[in-house]
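Enquirer: One structure is given below, represented as structure tokens, and several questions about it will come after.
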Amino acid sequence: MARRFTATFWGVRGSAPAMDGTTVRYGGDTSCVEVVCGDHRLALDLGGGARRLGLALADRPPAPLTLLLSHAHYDHVMGLPFFAPFRQAEARILALSPVEGGVARLAAELMRRPFFPVGPEALVARIVDLHAAPGAVFEPAEGVVVSCAGAAHDGGALAWRIDFDGRSLVYVPDHEAGDAQTDRTLAHFAAGCDLLIHDATLPEAAPRGRHGHSSWGAAALAARRAEARRLALFHHHPEAGDDQLDRLAHQAAETLPGTLVARAGQTLDL
Ligand SMILES: [Zn+2]
Ligand SMILES: [Zn+2]
């Protein structure tokens, strides 16, 4: 019998939180995805959605957790000071990140006056930081293989792949499609995955120039090239309201069957 492999979206926005009446159904918190592989749990990025993920985890018996960070932009780390497992002395957390100094450094930078009232000493969990660079492969728990590749993004960002029990998930939260070499590398990296979670921040008619992000059309092209089984559009623009995302969901599913627009609170089975 196939073992449990799920992805739950806790935050699906990019760039900035967007909490207003137009973002109720898709959610306004920024990037955070929980992945469960059998009895091991991982969290992809600690954007604003990490606050609610942390609360959900705090209700369970402590279990080892692996964090995979893509990069240190605010929308991917703003939930760090509010992530409840960091405040539990019995928590055991492995943090894989491209940020020099990892979670320890991020906590020191984010949790200090005048920006934050409590210092990083509040994070009493046992956190092991490991540096991740493109091409690195880790096995945080038996049978859970995690690898990373470089995405095209201002200051750099990692894309992550999780392979477990014959299935795979690829997470490309912030990536500007268009550079042939990087796109080829990422297509190879994501080849044959069961779920591709991909940056779809930009409107299709984005003005020319560098944006650091992709449109949903570019995400669909990436999914086709990688022959991904399913595509989840992610990292929604803060001004993309529910009705707009509904229209996108309809259009994208017609263009590339199996495509969905990620929504906070949604769990996908792989
Ligand atoms: Zn972002
Ligand atoms: Zn970014």
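Enquirer: Quick check on the range 47-151: take the gyration tensor over C-alpha atoms, sort the square-rooted eigenvalues as a ≥ b ≥ c, and tell me if it's rounded (a/c under 1.5), prolate or oblate. Before the final figure, lay out the partial values.
Expert: Working: a/c = 1.82, a/b = 1.22, b/c = 1.50.
In terms of gyration-tensor shape, oblate.
Enquirer: Taking all pairs of different Cα atoms in the range 112-270, averaging 1/r and flipping that mean, what Kirkwood radius in angstroms comes out?
Expert: Values: mean 1/r = 0.0588 Å⁻¹.
17.0 Å is the Kirkwood radius here.
Enquirer: Relative to the longest principal Cα axis of the chain, at what angle does helix 216-226 sit, 0 to 90 degrees, rounded to 10?
Expert: The angle comes out at about 90 degrees.
Enquirer: Using the Kirkwood radius over C-alpha pairs as Rh, can you work out the diffusion coefficient of the range 1-45 via Stokes-Einstein at 4 °C, viscosity 1.567 mPa s, in µm² per second? It would help to have the intermediate numbers written out before the result.
Expert: Details: Rh = 11.7 Å.
In µm²/s, the coefficient rounds to 111.
Enquirer: If each DSSP helix of 4+ residues adds -39,500 (n - 2.57) and the sum is divided by the residues in the chain, what number results at 222 nm, nearest 500 deg cm²/dmol? Kindly include the intermediate steps, with their values, before the conclusion.
Expert: Numbers: 6 runs with 57 residues, N = 270.
Helix contribution divided over all residues of the chain: -6000 deg cm²/dmol.
Enquirer: With only alpha-carbon pairs counted, each pair once and no self-pairs, how large is the Kirkwood hydrodynamic radius of the range 144-216 in angstroms?
Expert: Values: mean 1/r = 0.0789 Å⁻¹.
In the range 144-216 this quantity evaluates to 12.7 Å.
Enquirer: Same structure, new question: Relative to the longest principal axis of the C-alpha atoms of the chain, give the angle of the C-alpha long axis of helix 180-189, reported between 0 and 90° and rounded to the nearest 10°.
Expert: With both axes taken from Cα atoms, the answer is about 70 degrees.
Enquirer: Moving on to the next point. Taking the highest mean first, how do the peptides 193-199, 262-268 order by number of other beta carbon atoms within 10 angstrom per residue? Spell out each step's value before the answer.
Expert: Numbers: 193-199: 27.0, 262-268: 17.3.
The packing order, highest mean first, is 193-199, 262-268.
Enquirer: Here's something else I'd like to know. Find the relative contact order for the range 5-269 and round it to a whole percent, using C-alpha pairs within less than 8 Å whose residues are 6+ positions apart.
Expert: 19 percent
Enquirer: Further question: Dipole magnitude of the range 1-56 about its Cα centre, charges +1 at Lys/Arg Cβ and -1 at Asp/Glu Cβ only, in debye to the nearest 20?
Expert: Numbers: 7 positive and 5 negative charges, 30 e Å.
Rounded to the nearest 20 debye, it is 140 debye.
Enquirer: Run the dipole for the range 141-264 about the Cα centre, Lys and Arg Cβ at +1, Asp and Glu Cβ at -1, nothing else charged, and hand back the magnitude in debye, nearest 20.
Expert: Numbers: 11 positive and 17 negative charges, 59 e Å.
So the magnitude is around 280 debye.
Enquirer: On to the next question. How much of the DSSP bridge set in the chain is antiparallel, in percent, rounded to the nearest 5? If you can, show how the numbers build up before the last one.
Expert: Working: 30 of 58 bridges.
DSSP beta bridges in the chain are roughly 50 percent antiparallel.
Enquirer: In degrees, nearest 10, range 0 to 90: what is the angle between the Cα axis of helix 242-255 and the longest Cα principal axis of the chain?
Expert: Helix 242-255 sits roughly 60 degrees off the main axis of the chain.
Enquirer: While we're on this one: Could you point to the residue in His250, His153, Ala228 farthest towards the positive end of the range 148-270's charge dipole, with +1 and -1 charges on the Cβ of Lys/Arg and Asp/Glu respectively?
Expert: Of the listed residues, the answer is Ala228.
Enquirer: Where the eigenvalues come from the Cα gyration tensor of the chain, what are the semi-axes √(5λ) of the equivalent ellipsoid, largest first, in whole Å?
Expert: Numbers: eigenvalues 146, 88, 66 Å².
Taking √(5λ) for each eigenvalue gives 27, 21, 18 Å, largest first.
Enquirer: Right, next: Please say if the range 183-270 is rounded, prolate or oblate, where rounded means a/c under 1.5 for a ≥ b ≥ c the square roots of the C-alpha gyration tensor eigenvalues, and otherwise the choice is prolate for a/b larger than b/c and oblate otherwise?
Expert: Working: a/c = 1.75, a/b = 1.13, b/c = 1.55.
Oblate shape, in that a/c is at least 1.5 and b/c is the bigger or equal ratio.
Enquirer: Something else: About the Cα centre of the chain, what is the dipole size in debye to 20, counting +1 per Lys and Arg Cβ and -1 per Asp and Glu Cβ, all else neutral?
Expert: Working: 25 positive and 31 negative charges, 59 e Å.
In total the dipole reaches around 280 debye.
Bear in mind that the values in this text are calculations on the coordinates, not laboratory data. In this text, all values refer to a predicted model and were calculated from it rather than measured experimentally. Please note: Cβ atoms are built from the backbone with ideal geometry, for glycine as well, and neighbour counts cover all protein chains shown.
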